[in-house]
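Working notes, structure below.
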Amino acid sequence: KLYIPPPPPSARFLWPARGRVVPLNGLGTEAVHGLQITAQQGSLVRAVRTGRVAVAARDLAGWGKTVILDHGDGYTSVYAGLDQLLVDPGMSVAQGNPVGRLGAEPLHFEIRQGTTLANPMQLLP
């Protein structure tokens, strides 16, 4: 096995997983408010930026296993539909480190600025 280290931390967002991306539009709008990423079962889901685990829930209503990272600058990232949680509440997670693992369901991913959903397609490289 070849270990490829994650890139050095930055203020830029990274993709949480590699796979087929489907943008999610808000109700009746053209704006993208989240993504569904379908990846191979067992794929790691990685922190898009360094942050603290605000939520690591095994059964968040409507979302299942979910991790929410607080990036400390008004941004949070949401990783829902996970098969396995790899972090606990309060943990610090460096950008690129795993927060969970996917099962058969796609990853539901959001970036929020405060309480407002941001368009992840404008923030991801």
(request) Could you look at the chain and say what percent of its accessible area is carbon and sulfur, using a 1.4 Å probe and all protein chains? (result) 54 percent
(request) On each of the three principal axes of the Cα atoms of segment 59-103, give max minus min coordinate, whole Å, ordered largest first. (result) 28, 20, 16
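Give me the extension gain from LYS1 to GLN113: residue separation times 0.36 nm, minus the current Cα-Cα distance, reported in nm with one decimal.
On the way: separation 112, 0.36 × 112 = 40.32 nm, distance 3.80 nm.
Length difference between fully extended and current span is 36.5 nm.
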(message) As a test of the formula, what do you get for the chain when each DSSP H run with n ≥ 4 contributes -39,500 (n - 2.57) and the sum is divided by the residue count, at 222 nm and rounded to the nearest 500 deg cm²/dmol?
(response) -500 deg cm²/dmol
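Where does each of THR76, THR50, THR66, THR115 land when they are ordered by accessible area, with a 1.4 Å probe and the largest first? Can you show the working numbers first?
Numbers: THR76 30, THR50 65, THR66 0, THR115 130 Å².
Final ranking, largest accessible area leading: THR115, THR50, THR76, THR66.
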(request) Pull out the extension gain between ARG58 and MET121, defined as 0.36 nm times the separation in residues minus the alpha carbon to alpha carbon distance; nm, one decimal. (result) 19.9 nm
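Compute the relative contact order of the chain as a whole-number percentage, counting only Cα pairs closer than 8 Å that sit 6 or more residues apart in sequence.
Numbers: 319 pairs, mean separation 37.2, N = 125.
The value is 30 percent.
Dipole of the chain, Cα-centred, from +1 at each Lys and Arg C-beta and -1 at each Asp and Glu C-beta, to the nearest 20 debye? Could you put the intermediate results ahead of the total?
Values: 11 positive and 8 negative charges, 77 e Å.
Here the chain has a charge dipole of around 360 debye.
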(request) Report the far tail of the P(r) of segment 38-79, meaning the percent of Cα-Cα pairs longer than 16 Å. (result) 42 percent
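What order do SER77, SER92 take when sorted by accessible area (1.4 Å probe), most exposed first? Working shown, then result.
On the way: SER77 0, SER92 100 Å².
Putting SER77, SER92 in descending order of accessible area: SER92, SER77.
The values are calculated or read from the model by the stated rules, or taken from the named source; none is laboratory data. Nothing here was measured: the structure is a model prediction, and the numbers come from that model. Using ideal geometry, Cβ is built from the backbone for each residue, glycine included, and neighbour counts are taken over all protein chains shown. With ligands, DNA and RNA removed, areas are computed over all heavy atoms of the protein, side chains included. Shrake-Rupley method; radii C 1.70, N 1.55, O 1.52, S 1.80 Å.
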